[in-house]
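K.L.:
Structure in structure tokens, see below.
Where a number appears in this text, it was derived from the coordinates with a stated rule and is not lab data. This structure is a prediction, so every number in the text was calculated from the model and none was measured. Please note: Cβ atoms are built from the backbone with ideal geometry, for glycine as well, and neighbour counts cover all protein chains shown.
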Amino acid sequence: MFEKTQQYYAYFRDHDLTLPLLILLVSMLIGISLSQLLFFRLRRIAARISGSYYPLLQRVMTGIPVFLGIAAGGYVATQIITLPAGVLHLLDTSFQVLLIFCLTVMGARLASGFIAMQLQKTAGSFASTSILVNTIELIAYLTGFLFMLQSFGISIAPLLTALGVGGLAVALALQDTLSNLFSGINILLSKQTKVGDYIKLSTGEEGVVADMNWRSTTIQQTSNNMVVVPNQKIATSIITNYALPDAECSLVVPVSVSYESDLAHVEKTTIEVAREVLQMTEGAVKNFEPFIRYAAFAESSIQFNVILRIKSVLDQHLIRHELIKQLHLRYRQEGIQIPFPVQTIKIQNEGGAQ
């Protein structure tokens with residue numbers, strides 16, 4: 001190493017390097033200019049044909065033309081100028097590494113930006129989109145770093161072996177954490193749950209999804225309490241999502257009337273009241289025509305269901321409240337009885353008489 005340093009010093013001392021350095025500098029400036037001009041033309045073309053993807057292309061190319069120009073101009077200059085073989089090899093390798101760096105940054109930005117854009121289009125705005133985006137960027141940068149090491153002549157086989165063994169040890173130590181991480185990625189990719197959805201788990205937890213991150217999902221209950229559920233539990237649980245395929249849903253309210261009631265009159269009165277409730281209550285679908293369906297002959301009453309339409313499952317409580325209140329008032333005015341539960345009791349004495 002010391003001998004090579006002495007050789008380079010002797011060469012630089014005995015030779016005038018003004019022209020080679022000038023050629024190198026001019027080549028890089030020309031490369032930057034041509035790169036900027038080329039990408040300016042490409043941006044104008046992309047703006048016309050890419051549509052909604054143009055912001056993504058802008059992000060991908062930000063700052064890249066300058067580095068590509070330096071790499072291209074410098075590489076061309078190394079093929080022209082006369083310098084020691086070792087110096088030329090070092091410059092050539094440096095420009096290759098710079099090119100790999102540019103391609104790595106472009107690839108990471110393109111992949112992560114495209115995934116984030118697609119998730120936002122198809123599944124709304126995720127608080128945890130960074131899970132997948134950061135993972136993709138990390139993989140891209142690690143891949144680029146390995147290519148850079150290989151360009152410098154460093155064998156990456158031992159490094160890959162070490163990473164494999166170390167990764168296995170880390171995976172065993174962080175099994176639960178990694179399980180939650182990949183479960184979170186799976187939730188994002190499945191697009192079956194997103195922030196703002198009202199969900200109910202098979203374990204009983206229900207509420208609005210307030211946040212989704214790399215480890216857990218936070219559910220805000222109607223009592224305003226927060227339930228933090230690990231992503232692994234979300235991924236393996238049976239989930240009822242009241243926001244899919246549409247937040248608008250039906251509300252079924254069970255009602256009973258006495259056997260002496262005129263069922264046609266009951267149906268007409270109930271529908272009138274339900275229609276009024278839909279019109280005056282916030283959260284109801286006002287253009288929906290309510291209806292009833294008789295369900296069963298019960299022990300002391302005839303049972304039926306009133307079917308209404310609401311904008312979201314969170315609106316059910318107020319609308320059910322108003323419907324029950326208005327039905328009770330109107331039934332009293334119309335003479336329709338809501339019977340108490342009735343049981344017939346037989347009393348038999350020891351002699352067998354009743």
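K.L.:
Of the peptides 320-331, 301-312, how do they stack up when ordered by the mean number of other Cβ atoms within 10 Å, highest first?
P.N.:
Result, highest mean Cβ count within 10 Å first: 301-312, 320-331.
K.L.:
Please give the contour-minus-distance gain from Met280 to Asp262: 0.36 nm per residue of separation, less the Cα-Cα distance, rounded to one decimal in nm.
P.N.:
Length gained between Met280 and Asp262: 3.7 nm.
K.L.:
Tell me which residues come under 5 Å, amide H to amide H, from Gly283 once H is placed; ignore anything under 5 positions away on its chain.
P.N.:
Sorted by chain and number, the residues that satisfy this come to none at all.
K.L.:
I've got another one for you. Determine the sum of side-chain charges near Tyr198: Lys and Arg each +1, Asp and Glu each -1, restricted to other residues whose C-beta is under 14 angstrom from that of Tyr198.
P.N.:
Once all neighbours under 14 Å are counted, the net charge is -3.
K.L.:
Enumerate the whole-percent occupancy of each 5 Å bin, from 0 to the last occupied one, for all C-alpha pair distances of the stretch 192-241.
P.N.:
Reading upward from the zero bin: 5, 24, 38, 27, 5, 0.
K.L.:
Over all distinct alpha-carbon pairs, what is the Kirkwood Rh of the stretch 249-334 in angstrom?
P.N.:
Its Kirkwood hydrodynamic radius stands at 13.0 Å.
K.L.:
Using a simple charge model, +1 on the beta-carbon of Lys and Arg, -1 on the beta-carbon of Asp and Glu, nothing else, what dipole does the stretch 192-241 show about its Cα centre, in debye to the nearest 20?
P.N.:
120
K.L.:
Here's something else I'd like to know. Which listed residue (Gln221, Asn231, Gly204) has the Cα farthest towards the positive end of the charge dipole for the stretch 192-241, taking +1 on Lys and Arg C-beta and -1 on Asp and Glu C-beta about the Cα centre?
P.N.:
The residue sitting most towards the positive pole is Asn231.
K.L.:
Right, next: Can you pull the one-decimal nm distance between simple spin-label points at Ala295 and Ile238, each 7 Å off the Cα toward Cβ?
P.N.:
About 2.0 nm, to one decimal.
K.L.:
Would you mind checking the pairs Lys286/Lys325; Lys191/Lys311; Lys191/Lys286; Lys194/Lys286 and listing those with alpha carbons more than 25 angstrom apart?
P.N.:
In this structure, Lys191/Lys286; Lys194/Lys286 exceed 25 Å between Cα atoms.
K.L.:
Here's something else I'd like to know. Hey, with R₀ at 56 Å, roughly what FRET efficiency would Val26 and Ala210 work out to, going by the Cβ-Cβ distance, to 0.05?
P.N.:
After rounding to 0.05, the efficiency reads 0.45.
K.L.:
Could you work out how far apart the two model spin labels at Glu272 and Val228 are, taking each label as a point 7 Å from the Cα in the direction of the beta carbon, and quote it in nm?
P.N.:
So the label points at Glu272 and Val228 sit 5.5 nm apart.
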